[in-house]
1. Given the criteria farther than 22 Å from ALA143 by Cα and small (Gly, Ala, Ser), does SER63 qualify?
2. Based on this model, can you work out whether SER57 counts as surrounded by fewer than 22 Cβ atoms within 10 Å (Cβ to Cβ), assigned to a loop (DSSP other than H, G, I, E, B) and out of contact with any Ser or Thr (no Cβ under 9 Å at 6 or more places or on another chain)?
3. Condition first: surrounded by 21 or more Cβ atoms within 10 Å (Cβ to Cβ) and either within 14 Å of THR123 (Cα to Cα) or of a type in the set (A, V, I, L, M) (or both). Now tell me which residues in segment 74-99 satisfy that.
4. Among the residues of segment 170-193, is there at least one that is in contact (Cβ under 8 Å) with a residue 60 or more places away in the chain and among the acidic types (Asp, Glu)?
5. So is PHE181 modelled with pLDDT of 95 or more and open to solvent by 30 Å² or more (accessible area, probe 1.4 Å) or not?
6. Scan segment 60-77 for residues that are in a loop (DSSP other than H, G, I, E, B) and either without any contact (Cβ under 8 Å) to a residue 24 or more places away in the chain or at negative phi (or both) and jot them down.
7. Does ALA129 meet the test of being open to solvent by 10 Å² or more (accessible area, probe 1.4 Å), among the hydrophobic types (A, V, I, L, M, F, W, C) and in contact with a Lys or Arg (Cβ under 7 Å, 6 or more places away or on another chain)?
8. Return only the number of the condition from (1) of a type in the set (Lys, Arg); (2) at pLDDT 95 or above; (3) over 24 Å from ALA129 (Cβ atoms) that LYS96 does not satisfy.
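The values are calculated or read from the model by the stated rules, or taken from the named source; none is laboratory data. Being a predicted model, the structure only gives us computed values, none of them experimental. Counting neighbours? That spans all protein chains shown, and the Cβs are built from the backbone with ideal geometry, glycine included. Accessible surface is based on the protein model in full, side chains and every heavy atom, while ligands, DNA and RNA are left aside. Shrake-Rupley method; radii C 1.70, N 1.55, O 1.52, S 1.80 Å.
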Amino acid sequence: MLFQAARRKLSLMIVFALLVSTLTPHMVFGEAAQFKDITGSYAQKEIHSLTEAGIISGYEDNSFKPKKAMSRAELAKIIVLSLGLEANADQAAPFKDVAANSWYRGYVGALVKAGITEGTSATTFSPNANVTREELVVFFIRAFELDETAKKLPVVSKLSDISEVSEWAKAQVSLAFKNGFINGVQGSDGTLKFKPKEHAERQALARLAYEFKTNKSVYVEKSKQLLAEEVNKGKSPEVTPTATPATTDHGTSV
């Protein structure tokens, strides 16, 4: 009896040791997963949060490259995961440059199904092309389902370079600034700029994706208030002129 009890106790100790040895590498890996190059990033908190949620990821060398320009494929993945959409590879079938075995095909298809993008043409999505700042904003405004609201409001004048924003993105950029989703960049002349044609950085995507995920209702409600205030001025909401729809992102959707 004593021998059997001792064997049972020894077996339990061995099982416990095996469990500890199995779990320990994951714990160490989790601690080591802190990106080595985001200390100076303005989106450090957002990057950590989205990484833990499995929405964004870094590179094999334990870097995040916060100032690196992002591709349209990367953006598709982040928005789909932020929205909680299901991947849909079939919807990406019309795009000849989205390979059937590509990691982003399901994300691109999900955006198409949700009406957030139609590609850069009827047959291309340009997954490896870099995303501009104005494209990034339009993607998110459409994810908010605020595209029509944006077009009913007057264009903001506080951004000194608003005239440089493409016509197909002007209303969305204006609304994003008004409801606080984006902030202007202080120019050397003291004015606020948006710099619409510059490539959007990975840290910028992280910040906006975090805001979208955690404060979506706040921005939607603020936008509704802006529209209500415009209506209460005693005139119909101004419809922002837009470019004639085409089959590219610059006419219909980014």
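1. Values: farther than 22 Å from ALA143 by Cα: yes; small (Gly, Ala, Ser): yes.
So SER63 passes the test.
2. no
3. If the condition is that a residue be surrounded by 21 or more Cβ atoms within 10 Å (Cβ to Cβ) and either within 14 Å of THR123 (Cα to Cα) or of a type in the set (A, V, I, L, M) (or both), then LEU75, ALA76, ILE78, ILE79, VAL80, ALA92, PHE95, VAL98 are the ones that fit.
4. no
5. Values: modelled with pLDDT of 95 or more: yes; open to solvent by 30 Å² or more (accessible area, probe 1.4 Å): no.
The answer is no for PHE181.
6. Hits for segment 60-77 are GLU60, ASP61, SER63, PHE64, PRO66, LYS67, LYS68, MET70.
7. Spelling it out, ALA129 is indeed open to solvent by 10 Å² or more (accessible area, probe 1.4 Å), among the hydrophobic types (A, V, I, L, M, F, W, C) and in contact with a Lys or Arg (Cβ under 7 Å, 6 or more places away or on another chain).
8. Exception for LYS96: condition (3).
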